[in-house]
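Chemist: The structure is given below, and queries will be raised subsequently.
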Amino acid sequence: MKPLRAALIGELIGTFLLVFFGCGAVAAAVSTGAQVGVFQVAIVWGLGIAIAIHCTAAMSGAHLNPAVTIAFAAWQGFPRSRVLPYIAAQMIGAFAGAAVIFGVFADAIGAYEAAQGLTRGAPGSEATAMIFGEYFPNPGGKPLADTATAMTLGRAVFAEIVGTAMLVLVIFTVTDRRNPEAPQILTAGYIGLTVTLLISLLGPLTMACFNPARDFAPRLFSSLAGWGSVPFTANGPLGWWVVYLVAPVAGGLLGGALHRHLIGRALEAE
């Protein structure tokens with residue numbers, strides 16, 4: 001295990017890359033129409049995550065996600081003394097990624113808001129705030145009031161728990177040294193493709209978070225950058241933190257439990 005300083009640098013850089021590529025794809029899709037459909041955004045997310053993992057795995061293990069870090073601490077023996085420092089580094093990296101994206105796309109976002117008659121910080125401006133934080137159902141670049149998809153709080157929580165559980169289950173399985181079919185050099189690619197699949201399925205509903213750092217830090221940045229209270233009120237007083245903070249952590253713990261009690265035991269029996 002690398003010294004803590006090197007590990008934290010890895011988590012900060014890796015999460016920065018994850019947010020820069022992923023939220024950057026959302027920014028391009030919303031403000032310029034560069035991507036068409038959920039899959040094009042999803043594949044950029046997946047490739048971005050694979051790149052971030054390749055760049056930082058040797059430094060920190062490339063958790064890049066508080067839900068993954070907490071699951072590793074609960075089920076894989078990751079030192080609990082490193083949990084909070086890892087999460088802090090992930091949050092800083094995600095916040096920096098959001099700030100850089102805003103710096104690049106500020107003019108395009110402003111032009112889109114003007115064309116759509118949106119007032120940043122007013123109700124309906126989640127149409128562009130979604131570049132940073134996440135909302136349910138997926139606004140698709142429009143005010144939530146104009147979206148045709150229906151998504152209750154309870155189902156949004158369930159979707160995020162299921163999605164994060166599947167992600168952590170895959171991460172634990174493809175990195176399990178007892179697994180003779182582990183992809184090894186292709187591990188990052190398999191994890192990235194898993195995220196692509198999950199976003200393709202769940203992105204239209206909850207925007208497919210699975211990562212509290214990816215959501216909270218950019219959400220906070222958007223609030224500070226002019227969207228005000230909208231990022232924390234558009235889905236009601238509970239929506240943003242129950243769906244995008246609590247549910248991913250619960251899902252990560254569930255995914256780790258599934259690996260431990262199902263796949264792990266099967267591998268031990270071989």
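Chemist: Return yes or no: is Thr56 of a type in the set (Ser, Thr, Tyr) and under 14 Å from the mean Cα position of the chain (by Cα)?
Modeler: Taking the combined requirement at face value, the residue does not satisfy it.
Chemist: Now a separate question. Determine, yes or no, whether Ile199 is modelled with pLDDT under 95 and either farther than 22 Å from Ala71 by Cα or assigned to a helix (DSSP H, G or I) (or both).
Modeler: When the stated conditions are applied, Ile199 does not pass them.
Chemist: From Leu224, Leu238, Leu202, grab the single residue that is of a type in the set (A, V, I, L, M) and under 16 Å from the mean Cα position of the chain (by Cα).
Modeler: Only one candidate passes the filter, namely Leu202.
Chemist: Search the stretch 98-119 for residues being among the small types (Gly, Ala, Ser) and surrounded by fewer than 15 Cβ atoms within 10 Å (Cβ to Cβ), and hand back the single one that is nearest to Thr32 (Cα to Cα).
Modeler: Ala111
Chemist: State whether the residues of the stretch 118-127 include one that is at pLDDT 95 or above, within 18 Å of Phe221 (Cα to Cα) and either outside any loop (DSSP other than H, G, I, E, B) or under 18 Å from the mean Cα position of the chain (by Cα) (or both).
Modeler: Within the stretch 118-127 (the criterion being at pLDDT 95 or above, within 18 Å of Phe221 (Cα to Cα) and either outside any loop (DSSP other than H, G, I, E, B) or under 18 Å from the mean Cα position of the chain (by Cα) (or both)), the answer is yes, since at least one residue qualifies.
Chemist: Is it true that Met1 is in a helix (DSSP H, G or I) and more than 18 Å from the chain's Cα centre (by Cα)?
Modeler: For Met1, the condition - in a helix (DSSP H, G or I) and more than 18 Å from the chain's Cα centre (by Cα) - is not met.
Chemist: Kindly indicate which of Phe210, Phe216, Phe221 is over 25 Å from Arg155 (Cβ atoms), out of contact with any strand residue (DSSP E or B) (no Cβ under 9 Å at 6 or more places or on another chain), at pLDDT 95 or above and of a type outside the set (Asp, Glu).
Modeler: Phe221
Chemist: Only one residue in Leu18, Leu12, Leu8 is crowded, with 21+ Cβ neighbours inside 10 Å and either within 15 Å of Ile191 (Cα to Cα) or touching a strand residue (DSSP E or B) at 6+ places or on another chain (Cβ under 8 Å) (or both), so which one is that?
Modeler: Leu18
Chemist: Checking the conditions here, which among Gly110, Gly77 is assigned to a helix (DSSP H, G or I), over 25 Å from Leu17 (Cβ atoms) and at pLDDT 95 or above?
Modeler: Gly110
The values are calculated or read from the model by the stated rules, or taken from the named source; none is laboratory data. Quick caveat, the model's predicted, so the values are computed rather than measured. Because the Cβ atoms are built from the backbone with ideal geometry, glycine has one as well, and the counts that use them run over all protein chains shown.
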